[in-house]
Amino acid sequence: MSEILDRPVVAAPTALAREIDGNFTIYDKENDSVMVLNDSASAIWRLCDGRTGSAIAAELASGFAAGPDEIERDVASVLEQLTESGLLVSPVD
Amino acid sequence: MGPTSSSLDIDLLGTRIRTIVDDLELAARLEHLLIDIRASSGTPDEIFEITGGDTQSDWVLRHNGKGIVQSASRDRLVERFFATLNELVLDAFPGVAIHAGVVARGPCAIAIPGRSGAGKSTLTAACVRAGFSYVSDEALCIDRITGEVVPYPRPLMLSETSHRLISPSQPSGGESDTKVALSPADIGGHTNSVALTLTDVILAERNSALDLEPIPPSEVVAELLERCFEGHQQRAGTFELLSSAVTDCRAWRLGYRNALDAAALIRRALPFSQPSR
């Protein structure tokens, strides 16, 4: 879990995201597929601007009732899924 | 001696089509079906000819002088004529075309996307009977520049079974595997001919209990993208257009078994509102 939280993340160049009704819908140009994010995944996606997963979790901790450990687990899980789907990458130096 | 052929000019999605028919009864039928999309005569982009049908020969359909189909059945030939017309017009449309039935209330378009054979035409016809105006039983056509819904009111194409459901007084008969072409007027409705704003998208599931529930608009983008016609797949641009089009839309999931019941529910349950854009 720590590895994904240590890594800075940004949207992949092939991911086209549009916010509809508060949540993100993402088109993956590479795979010609669409993913609709729920509320919490959308909140995480919004912060994927080059921050690490830990920084994202810390930012979210101030606005959610859940404890820091639970938030870190949720953030790690979402980042893993989005990275595996090719929608998130590490920023190019 | 009267004329031996009749010429009919129409405009569908900006394509001008001339149809020349040498059977006056069929010409009158086509004129009735296409009356809402009649165009003043001018230079056509495409020319269809329908000939034959006497005791000596089959019916023949030609497109720009080239034979398309020959058949002893007039109904089959007419069905093929409209299918060919459909492909031609949608291929030439520069906007985004999505498999969907579309009806309207005032300036608001309601789209029901679905694959071929999913029951779009029957549900669309039922909505027209319930009081909505007719926009298309085949495609939701969106202008890439304005984002508006462009009407594509080709004749409704119904199976015999659907025709009898929509028009119970209709006597059974005809060829069961041939679709019947109908104008909205044939089922007591009328056609919308002006550009519209997309306000509602309904994802319909046949063979489910009757229900209409709101869903997040984001859930319909993937369905609309999936239902795009081939040739309309500048996918990233289309995704952006559809995302923008549904942002201010209401989205619904409809369960139904009987199209008439579903249309009545849609009519009753969809709040009527002016588009916000």
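The values are calculated or read from the model by the stated rules, or taken from the named source; none is laboratory data. Predicted model, so just to flag it, every value in this text is computed and none were measured. Here Cβ is always computed from backbone atoms with ideal geometry, including for glycine, and neighbour counts include all displayed protein chains. These area figures cover heavy atoms from the full protein model, side chains too; ligands, DNA and RNA do not enter into them. Shrake-Rupley method; radii C 1.70, N 1.55, O 1.52, S 1.80 Å.
Some notes on this structure:
- Amide hydrogen proximity for residue B:39: with H placed 1.01 Å from N in the peptide plane, the residues at 5 or more positions away or on another chain lying under 5 Å are B:9, B:10, B:11.
- Area of residue B:18 that stays accessible when all protein chains are in place (1.4 Å probe, Å², to 10): 60 Å²
- Per-residue SASA entry for residue B:57, accessible area with 1.4 Å probe, Å² rounded to 10: 50 Å²
- Span from the the range B:36-115 Cα centroid across to the the range B:121-145 one, whole angstrom: 17 Å
- Built from the Cα atoms of chain B, the convex hull projects on average onto 15.4 nm², one quarter of its surface area.
- Environment charge at residue A:52 (Cβ cut-off 10 Å; Lys +1, Arg +1, Asp -1, Glu -1): +1
- Remark on residue A:24: its backbone amide H falls under 5 Å from those of A:37, A:42, a criterion applied only to residues 5 or more positions apart or on other chains, H modelled at 1.01 Å from N.
- Ordered by 1.4 Å accessible area with all protein chains kept, B:99, B:163, B:190 run largest first as B:190, B:99, B:163.
- Kirkwood Rh and Cα Rg combined as Rg/Rh, the protein assembly as shown: 1.09
- DSSP-defined antiparallel bridges as percent of all bridges, the protein assembly as shown, nearest 5: 75 percent
- Debye log10 I(q)/I(0) at q = 0.15, 0.18 Å⁻¹ for chain A, Cα point scatterers: -0.52, -0.75
- Summed over all non-identical Cα pairs, the Kirkwood treatment of the range B:44-163 gives a radius of 15.8 Å.
- Paramagnetic reach from residue B:257 (point 7 Å along Cα→Cβ, amide N under 20 Å) across the range B:205-248: B:205-213
- Assigned charges on the beta-carbon of Lys, Arg, Asp, Glu; the protein assembly as shown dipole about Cα centre (debye): 1100 debye
- Taking θ as phi - 60° and the Karplus parameters 6.51, -1.76 and 1.60, the scalar couplings of the range A:55-72 work out to 5, 5, 5, 5, 4, 6, 4, 6, x, 10, 6, 5, x, x, 5, 5, 5, 4 Hz in sequence order, x denoting glycine and proline.
- Backbone N within the range A:52-69 under 15 Å of label point (7 Å from residue A:46 Cα along the Cβ vector): A:56-65
- Area accessible to solvent at residue B:148, 1.4 Å probe radius, in Å²: 70 Å²
- Global size of the range B:196-251: 12.4, 37 Å for Rg and Dmax (C-alpha atoms, Rg to one decimal, Dmax whole).
- Estimated from helical segments only, the mean residue ellipticity of the protein assembly as shown at 222 nm is -9500 deg cm²/dmol, where each DSSP H run of four or more residues counts as -39500 (n - 2.57).
- Summed residue charge, Cβ within 13 Å of residue B:117's Cβ, Lys/Arg positive, Asp/Glu negative: +2
- Amide H contacts under 5 Å for residue B:190, placed H, 5+ residues apart: B:134
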